[in-house]
1. Looking only at the range 160-198, count every residue that is of a type in the set (A, V, I, L, M) and assigned to a helix (DSSP H, G or I) and tell me the total.
2. So, in the range 135-159, exactly how many residues are outside any helix (DSSP H, G or I), at pLDDT 95 or above and either more than 16 Å from ligand 1 (Cβ to nearest atom) or crowded, with 23+ Cβ neighbours inside 10 Å (or both)?
3. Out of (1) touching a residue at least 40 places away in the same chain (Cβ under 8 Å); (2) within 12 Å of ligand 1 (Cβ to nearest atom), the odd one out for I404 is which?
4. Since I63 meets every condition but one in (1) closer than 24 Å to A175 by Cβ; (2) more than 16 Å from ligand 2 (Cβ to nearest atom), which condition does it not meet?
5. Tell me which residues, restricted to the range 173-209, are surrounded by fewer than 20 Cβ atoms within 10 Å (Cβ to Cβ) and either on the phi > 0 side of the Ramachandran plot or within 13 Å of the chain's Cα centre (by Cα) (or both).
6. Say whether the condition of being surrounded by fewer than 18 Cβ atoms within 10 Å (Cβ to Cβ) and more than 16 Å from ligand 2 (Cβ to nearest atom) is met by at least one residue in the range 210-233.
7. Just one of the numbered conditions (1) in contact with a helix residue (DSSP H, G or I) (Cβ under 9 Å, 6 or more places away or on another chain); (2) more than 16 Å from ligand 2 (Cβ to nearest atom); (3) closer than 21 Å to G397 by Cβ; (4) not hydroxyl-bearing (S, T, Y) is not true of V107; which one?
Amino acid sequence: MAQAFRVSRQFKKTLTLVPTTSSSLLPRRPQVGSSRQMAAPATPLPDGLRLGFIGAGKMAESIARGVSESGVLPPSSICTAIHHSADRGEVFRSLGVRILEKNSQVVDGSDIIVLSVKPQVAKNVLLEMNPFFSEGKILVSIAAGIRLKDLQEWSGHSRLIRVMPNTPSTVRHAASVMCLSEQATETDGEWVTRLFNAIGKMWTTDEKYFDAVTGLSGSGPAYVYLAIEALADGGVAAGLPRDLALNLASQTHRSLQQQQRRHRFHASVKPESSSGDAVVGHTAGRVGLASRQWTNREMQRTNIVDMFPVRRAPTFSTTLERPAWTEGKEQWRVRTSKSMRAARPTLRQMTTLLLGVTISGVCERERERAEVLGAASMVNCTGKHPGQLKDDVTSPGGTTIAGIHELEKGGFRGILMNAVVAAANRSRELSM
Ligand SMILES: NC(=O)C1=CN([C@@H]2O[C@H](COP(=O)(O)OP(=O)(O)OC[C@H]3O[C@@H](n4cnc5c(N)ncnc54)[C@H](OP(=O)(O)O)[C@@H]3O)[C@@H](O)[C@H]2O)C=CC1
Ligand SMILES: O=C(O)[C@@H]1CCC=N1
């Protein structure tokens with residue numbers, strides 16, 4: 001259900017967001033030992049809310065992507081600062097996220113701050129940021145193993161929420177779990193739930209379960225990737241070609257993967273005139289359908305006054321993001337209420353949103369068909385090799401590598417391979 005919100009400035013430099021609906025509609029604080037799924041759909045957060053990431057790594061990227069693609073917050077309301085790797089700046093810039101110079105500016109310029117650095121550096125980062133946290137801000141930590149008590153001590157801040165997401169956030173199939181500090185309000189929990197609902201599902205539970213949650217849903221995707229890879233190896237051992245074995249193991253289709261890759265990389269926005277017209281290139285078929293549905297719902301929120309397909313343009317090749325279409329595409333004419341220059345960020349955001357809707361729509365169908373876990377959806381929807389996806393989950397010296405070590409000691413991969421070969425052999429016996 002849509003809720004109306006008023007925004008009040010109770011605290012200096014920060015926004016306090018107060019729902020105007022009955023508090024009975026808001027999620028209750030969890031009882032100790034309870035665990036509950038927050039089923040709320042991805043609902044936009046109020047205009048003016050600012051989200052910042054300290055640590056522009058993989059998890060921050062997928063959360064920022066999900067939040068902006070789902071329309072929960074515009075990318076212009078999201079900021080981060082780059083530590084060492086310039087590549088990370090490019091990734092976040094391409095999402096439309098603002099890049100600031102220092103972590104302190106991120107804290108200063110955000111209402112919700114997500115701590116997304118490795119646990120090993122969390123203490124130093126928070127001690128440095130300590131003077132910049134003011135009362136109205138919400139600090140959310142996704143760092144594995146770092147307790148609320150320590151977060152509070154290092155940051156000097158008490159309005160805290162711990163969240164354990166997982167990497168299927170990239171395809172909006174994350175399983176996230178949160179727990180609130182005593183000082184965090186129900187409304188804080190509601191805002192954070194909306195953020196993480198944008199990348200999957202959110203559960204609330206007591207902090208005492210967090211280590212187990214980390215071992216299961218945080219690290220778990222890596223075990224699934226390992227299993228997919230091992231099953232594929234078993235197929236190869238039984239005589240299947242590698243590609244077919246991998247596709248069968250992850251219950252996917254190569255054509256779908258190729259389609260996903262095309263959608264992801266071939267958005268473009270091309271100004272047509274300075275009078276407020278532009279052309280958005282897009283792919284045809286069901287993509288067009290998804291984008292039309294999106295347009296009806298969201299046009300008013302952006303500055304777009306009109307959008308319709310005009311013609312097929314097989315050679316359409318001028319893009320802001322990437323050069324060159326390779327195949328026939330549907331071309332869209334878009335009229336905006338602003339000048340082209342002013343509208344360009346909106347169009348960029350819109351293009352991202354169109355792709356997001358499409359990608360999640362297609363993946364949703366695939367998920368329903370195959371009934372796979374979030375991790376297997378990653379193999380289906382990103383087209384990445386399970387080994388690479390496993391590496392994305394596995395932090396150096398972190399929780400996942402400890403779990404994988406145990407699996408390898410137990411011969412996990414070998415056992416799965418043996419199972420496939422044994423079943424293939426039995427199938428051969430049946431035909432004799
Ligand atoms: N990967 C996963 O599956 C999951 C991870 N988590 C948690 O999420 C957090 C991030 O993990 P992940 O995204 O995988 O790791 P990444 O290594 O991809 O991201 C960490 C980022 O923090 C940056 N960084 C390091 N030091 C600082 C600093 N002093 N100030 C600002 N930024 C800094 C790094 O930049 P640079 O590389 O340039 O130093 C890097 O971009 C971890 O705490 C992890 O426990 C939680 C759930 C799942
Ligand atoms: O391996 C790690 O430590 C992180 C935390 C959960 C998943 N990856």
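The values are calculated or read from the model by the stated rules, or taken from the named source; none is laboratory data. In this text the structure is predicted, and so the values were computed from the model without any measurement. Cβ placement follows ideal geometry from the backbone for every residue including glycine, while neighbour counts extend to all protein chains displayed.
1. Within the range 160-198, the subset of a type in the set (A, V, I, L, M) is 160-161, 163-164, 171, 174-175, 177-178, 180, 184, 192, 195, 198.
Then drop every residue that is not assigned to a helix (DSSP H, G or I), which leaves 171, 192, 195.
Qualifying residue count for the region: 3.
2. 11
3. Answer for I404: the failing condition is (2).
4. (2)
5. Within the range 173-209, K201 is the sole residue that qualifies.
6. No - not one qualifying residue is present in the range 210-233.
7. Here V107 clears every test but (3).
Residues checked against (1) at pLDDT below 95; (2) under 22 Å from V163 (Cα atoms):
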{"position": "E69", "(1), (2)": "yes, yes"}
{"position": "T80", "(1), (2)": "no, yes"}
{"position": "V91", "(1), (2)": "yes, no"}
{"position": "R98", "(1), (2)": "no, no"}
